[in-house]
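I have placed the structure first, in the form of structure tokens, so that the comments after it can refer back to it.
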């Protein structure tokens, strides 16, 4: 690990505290907390753990750095007494420490910046950190908070200005409105309000980072995440888990109704990345994949959408299933609408799409049934309700090329068949024509 020597003469100099020959290679993913709020959030993440991620903090307050357990620390500027709630002071301090920030980011491929908007250091310094990361070609995602109503009203204007500047310098920006937590946690006490905010920031960063770092059966890699997040602007993320008979439906509904989304919606999203996690005790089934993808299709209602997905085992889940969703390519007006307003509009669109699909599929010419492939899982195969781990990525990818209506018809007619040479799909006894894929598998 590396740390900062906090002696006054060399404050801000990054120095190794172990023999460089034995020093472990740093991760390509880093999480940087900027200012007091960002530092507290990163401390919580550090204590809870995110797999294969390095943590770092930067602050204008020397004492906050000294008291933090985070291994990598950068003091911004020379004073060490904080920014006095003045973003401009923090901005200049970050510019003065640009070389230290660059050195700390060496070898980084993806950077999460977390900060509380509305104060001094987080608001003023985080756009500078993001600008440096952008110049280094680092995929940069900012996850920041917007003040509670009970905080000083002057913070709102400062926060708005900071968010506006930060948005110009990052690939993706996720804004967590602290006030929205009250609707999900109505008994939230003042004493643990900010701790709950740290929990939400942890979920957001952990959900994205572990999509890359935790190996799945069908894996989501760095390039998949980059496809969704690169220069995407406003992004929204949700994560939900459930167990029991209806766990897939409940988990994906929780993910798309998450406090992380505030009053936003994935309606109209052009890029959606989702990952399904499940325990060894109760693996996910193709039926549950159906439920999850159909729910996300209905929620987005976008003809341009690209879905990238993966799935894997998380031993800690037991009987639960967890769905994590990241959506980008949103129109800015989408983020201003309430969840209730979108419900009515999207439901109408869903009905129209489903009706059109039904009419189109009823007039589709039948194709020749290739029953000779039935039961041959090598050259071609039949898919019923097998769990996902028993299916090849190619089989799942072909299955997901079907519309929800075709999947329903396939189940009614007893199976789905593949011809490996032509990649044609044969469905049931009467056959149905192949549709263009609406999903892009995480595996080429």
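Highest mean first, the peptides 199-208, 76-85, 234-243 sorted by other C-beta atoms within 10 Å per residue fall in the order 199-208, 234-243, 76-85. For the stretch 133-238, the pair-distance distribution built from all alpha carbon pairs, in bins 5 Å wide starting at 0, is 2, 10, 19, 19, 19, 14, 10, 5, 2, 0 percent. Taking label positions 7 Å along the Cα-Cβ direction at both residue 294 and residue 63, the computed distance is 5.9 nm, reported to one decimal. A crude spin-label estimate for the pair residue 193 and residue 249, with each label 7 Å from Cα along the Cβ direction, gives 3.7 nm. Between residue 184 and residue 135, the FRET efficiency estimated from the beta carbon spacing at R0 = 35 angstrom works out to 0.40.
Taking a ≥ b ≥ c as the square roots of the eigenvalues of the Cα gyration tensor, the stretch 278-330 is prolate, since a/c reaches 1.5 or more and a/b is larger than b/c. Between residue 168 and residue 102, the simple label model (points 7 Å from Cα in the Cβ direction) yields a spacing of 2.1 nm.
Using a cutoff of 8 angstrom between alpha carbon atoms and counting only pairs six or more residues apart, the relative contact order for the stretch 2-213 works out to 19 percent. The slack between residue 47 and residue 149, meaning 0.36 nm per residue of separation minus the straight C-alpha distance, is 33.9 nm.
Read the figures in this text as sums done on the coordinates, not as results from a lab. Just so you know, these numbers come straight off a predicted model, no measurement behind them. Neighbour counts are summed over all protein chains in view; Cβ atoms, including those assigned to glycine, are modelled from backbone coordinates with ideal geometry.
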